[in-house]
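The structure appears right after this line, and notes come after that.
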Amino acid sequence: MRATGDADEAWYDDDAGPIVRPYAMTRGRSAPDQGRFDLITLVVTRPAAPATQLFPEQARIVELCRRPLSVAEVGAELDLPVGTVRVLLADLAAAGLIETHEPPMLSALPTEALLKELLAGLRAL
């Protein structure tokens, strides 16, 4: 163990890495209580996020997401499994600290008729 006197020293072992495992961060939950977080879902900190007590990982997410990041990017930045990140994000969303923007659904894609018109217009050039 580190012997620097830091407050974080009890949570890190030089040989083993973080002592607190992901299941401890999520209180044993392996999936979010509510919401769906695809890998490409964008996460953004709400402008008027209320002050609240957060775990260090949650505070880091709030800080990172001041600019939009995908769920996958948040996981990579925190070096945590995506399942753990999804649970942490669901807790932050329930607390009103973040908002998510889902990727467009297939119904939001252009219709075949629109694509044919676009192709005809391009050919006319």
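Nothing in this text is a laboratory measurement; each read-out follows from the coordinates by a stated rule. These numbers were taken from a predicted model, which means no experiment stands behind them. Glycine gets a Cβ as well: all are built from the backbone with ideal geometry, and neighbour counts include every protein chain shown.
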Query raised in the report: If we count other beta carbons within 10 Å of each Cβ, what is the order of Phe37, Phe55, fewest first?
Result: Phe55, Phe37
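If neighbour count is taken as other Cβ atoms inside 10 Å, put Glu117, Glu99 in order from fewest to most.
So the residues, fewest neighbours to most, are Glu117, Glu99.
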